[in-house]
Amino acid sequence: MLNTKIGALELRNPVMTASGTFGYGLEFEDFVDLSRLGGIIVKGTTLHPREGNPYPRMAETSGGMLNCVGLQNKGVDYFCENIYPRIRDIDTNVIVNVSGSSIDDYVECARRIGELERIPAIELNISCPNVRQGGMAFGVTCEGAAAVTKAVRQAYPKTLIVKLSPNVTDIAEIARAVEAEGADSVSLINTLMGMAIDAERRKKILSIGTGGLSGPAVKPVALRMVYQVAQAVKIPVVGLGGITTATDAIEFLLAGASAVEIGTANFLDPAVTVKVVEGIEAYLQRHGFHSVQEIIGTLE
């Protein structure tokens with residue numbers, strides 16, 4: 001009833017976890033039966049180790065949170081040697097979010113992940129600043145998004161999901177650009193750029209001033225963008241942004257998403273993903289549907 005597909009990737013249900021909010025999955029084993037999820041997207045991995053940004057790098061906001069963690073991780077070699085052996089036997093799709101500061105970095109990181117037998121897909125984070133082009137994110141221009149997607153596609157043979165930035169003028173145009181270069185799917189939205197200020201101290205709250213806004217506050221924007229992109233491309237769309245309930249997830253499916261990711265809500269309720277799976281199933285039964293495929297993209 002709940003099965004769905006992202007390219008060649010088969011999911012037992014449309015609920016996955018968003019990168020950076022679920023660790024490597026093992027951290028949530030005490031709260032969630034991981035085999036009940038459609039997939040786990042592990043935290044961002046880069047070619048070289050990254051320290052991330054200085055603290056403070058998280059701030060609560062009305063209806064969400066800001067973060068400027070800065071892709072802190074120990075690098076792809078550490079992941080392959082130390083993390084992968086511990087997560088390879090998790091009974092669901094384990095997907096690695098790949099980031100980089102140059103196209104060469106993306107390609108080499110993706111190539112190494114591609115050699116891991118039990119990792120069936122990567123999610124390409126193109127919201128990273130391109131250090132060779134003055135710091136502008138790859139994903140904010142069609143040319144940048146297409147270039148990194150094309151290069152990774154040539155090096156990576158498995159399912160390629162490209163995660164789109166909402167901080168653009170026309171996200172559908174970007175989606176078409178990565179589709180044309182071989183993306184199997186697009187996921188959206190990544191965080192919206194935001195800021196928090198401490199009025200009493202007259203200072204910025206986050207160490208670098210700005211950060212990515214996530215949580216319920218971004219859901220209307222995410223829904224609109226998912227709907228637009230689903231109309232613009234033929235490849236499957238993965239929707240995320242502010243999903244906290246099964247109803248939220250169903251709205252994304254109706255808007256055209258073939259699957260969803262749950263992020264910030266994991267911090268509030270570590271078992272939210274399974275509750276959403278159960279809620280989607282109950283919705284389908286209540287309305288007499290036999291498959292989740294029957295509601296995807298059926299918004300009137």
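The values are calculated or read from the model by the stated rules, or taken from the named source; none is laboratory data. Since this is a predicted model, take the numbers as computed values, not measurements. All Cβ positions, glycine included, derive from the backbone under ideal geometry; neighbour counts span all protein chains shown.
Summary table below
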| read-out | value |
| --- | --- |
| Number of the exception - residue 216 against (1) surrounded by 23 or more Cβ atoms within 10 Å (Cβ to Cβ); (2) more than 21 Å from residue 7 (Cβ to Cβ) | (1) |
| Within region 238-300, helices (runs of 4 or more DSSP H) holding 1 or more residues that are without any contact (Cβ under 8 Å) to a residue 24 or more places away in the chain and either of a type in the set (S, T, N, Q) or surrounded by fewer than 19 Cβ atoms within 10 Å (Cβ to Cβ) (or both) | 272-286 |
| Output for region 191-211, where each listed residue is within 17 Å of residue 171 (Cα to Cα) and either of a type in the set (A, V, I, L, M, F, W, C) or not in a loop (DSSP other than H, G, I, E, B) (or both) | 192, 193 |
| Count of residues meeting criterion [without any contact (Cβ under 8 Å) to a residue 40 or more places away in the chain and either aromatic (Phe, Trp, Tyr) or not in a helix (DSSP H, G or I) (or both)] in region 161-190 | 7 |
| Residue list for region 30-87, restricted to those being small (Gly, Ala, Ser) and either in contact with a strand residue (DSSP E or B) (Cβ under 8 Å, 6 or more places away or on another chain) or under 18 Å from residue 263 (Cβ atoms) (or both) | 38, 39, 44, 52, 59, 62, 63, 64, 70, 75 |
| Of the criteria (1) among the polar types (S, T, N, Q); (2) touching a Phe, Trp or Tyr at 6+ places or on another chain (Cβ under 9 Å); (3) modelled with pLDDT under 95, which one residue 210 fails | (2) |
| Filter result for the condition that a residue is touching a Lys or Arg at 6+ places or on another chain (Cβ under 7 Å), of a type in the set (Asp, Glu) and surrounded by fewer than 22 Cβ atoms within 10 Å (Cβ to Cβ), over 173, 143, 181, 123 | 181 |
| Positions within region 106-137 being assigned to a strand (DSSP E or B) and at pLDDT 85 or above, in sequence order | 121, 122, 123, 124, 125, 137 |
